[in-house]
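Asks: Got a structure for you, questions after.
The values are calculated or read from the model by the stated rules, or taken from the named source; none is laboratory data. From a predicted model like this one, the values you see are computed outputs, not experimental measurements. Here the Cβ positions follow ideal geometry from the backbone for every residue, glycine too, while neighbour counts run over all protein chains shown. For accessibility, only protein heavy atoms count, side chains too; no ligands or nucleic acids. Shrake-Rupley method; radii C 1.70, N 1.55, O 1.52, S 1.80 Å.
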Amino acid sequence: MAKDFREYLVEVSRHETFGRVFKEVAVGSKVLISFQASNVHGCYPEETLDDVYAYTHWEVSLRSTKPAIDVPKAGAWEFLKHNYWAKPFDKPDFQRAIAADNVPAKHCQRILEDVIEYALLKGQLESEDDIRLIEQDEEVKKYTKNASVGCSGCGGGQKTIEKKAD
């Protein structure tokens, strides 16, 4: 069993109008989970509390680096969408993440554990110790252990040969 999802939460900002924002949890080299709760999020109670354990429901979103989380037969959602907690998740228009409001805290824990399982199965994570926290909307790949290892498609791995002037 993974450690409690609330142990990963690190507050990035707090504003009376815009609420509080926690860093995203980067599970492996692809999937990011956002757990949010404040006066502007779909949570219960819908207020900004200092004690994150006082929330019974959370606003949760899942996104991934390439491919997008919901790409058929390739995205992480293909693996995750069959779980009991997945039913309320939806992908709003023009968004990169799949999101749900008022997700029970026990489901949040299961989401974390299922995403860890997915990342381990896909070789994107070696252990729970490799989970990282990142700022909202940052890409996870630069935070992986072996950032230089991976896809070098589109000619990214080719060496350039410079011509010397005669």
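Asks: Tell me yes or no: at least one residue of segment 18-25 is touching a helix residue (DSSP H, G or I) at 6+ places or on another chain (Cβ under 6 Å) and within 25 Å of GLU128 (Cβ to Cβ).
Replies: Yes, some residue in segment 18-25 is touching a helix residue (DSSP H, G or I) at 6+ places or on another chain (Cβ under 6 Å) and within 25 Å of GLU128 (Cβ to Cβ).
Asks: Out of segment 12-40, which residues are of a type in the set (D, E, K, R), surrounded by fewer than 21 Cβ atoms within 10 Å (Cβ to Cβ) and under 15 Å from the mean Cα position of the chain (by Cα)?
Replies: LYS23, the sole residue that qualifies.
Asks: In segment 3-37, what count of residues is obtained for those that are polar (S, T, N, Q) and touching a residue at least 24 places away in the same chain (Cβ under 8 Å)?
Replies: Of the residues in that region, 3 qualify.
Asks: Among (1) open to solvent by 40 Å² or more (accessible area, probe 1.4 Å); (2) within 9 Å of the chain's Cα centre (by Cα), where does GLU59 come up short?
Replies: (2)
Asks: Next up: For segment 1-83, give me every one of the strands (runs of 3 or more DSSP E) that falls completely inside it and has 2 or more residues that are touching a Gly at 6+ places or on another chain (Cβ under 9 Å).
Replies: 57-64
Asks: Within segment 87-97, is there a residue that is at pLDDT below 95 and open to solvent by less than 50 Å² (accessible area, probe 1.4 Å)?
Replies: Within segment 87-97, one or more residues are at pLDDT below 95 and open to solvent by less than 50 Å² (accessible area, probe 1.4 Å).
Asks: Next question. Which of the numbered conditions does GLU138 fail, given that it passes all the others? Conditions: (1) modelled with pLDDT of 90 or more; (2) under 14 Å from VAL25 (Cα atoms); (3) part of a loop (DSSP other than H, G, I, E, B).
Replies: The failed condition is (1).
Asks: Hey, any hits in segment 34-42 for a residue that's closer than 21 Å to LEU121 by Cα and either in contact with a Phe, Trp or Tyr (Cβ under 6 Å, 6 or more places away or on another chain) or not hydroxyl-bearing (Ser, Thr, Tyr) (or both)?
Replies: No, every residue in segment 34-42 fails to be closer than 21 Å to LEU121 by Cα and either in contact with a Phe, Trp or Tyr (Cβ under 6 Å, 6 or more places away or on another chain) or not hydroxyl-bearing (Ser, Thr, Tyr) (or both).
Asks: Here is a check on your reading of the model: is LYS73 open to solvent by 40 Å² or more (accessible area, probe 1.4 Å) and farther than 22 Å from PHE22 by Cα?
Replies: Considered against the rule, which asks whether it is open to solvent by 40 Å² or more (accessible area, probe 1.4 Å) and farther than 22 Å from PHE22 by Cα, LYS73 comes out as yes.
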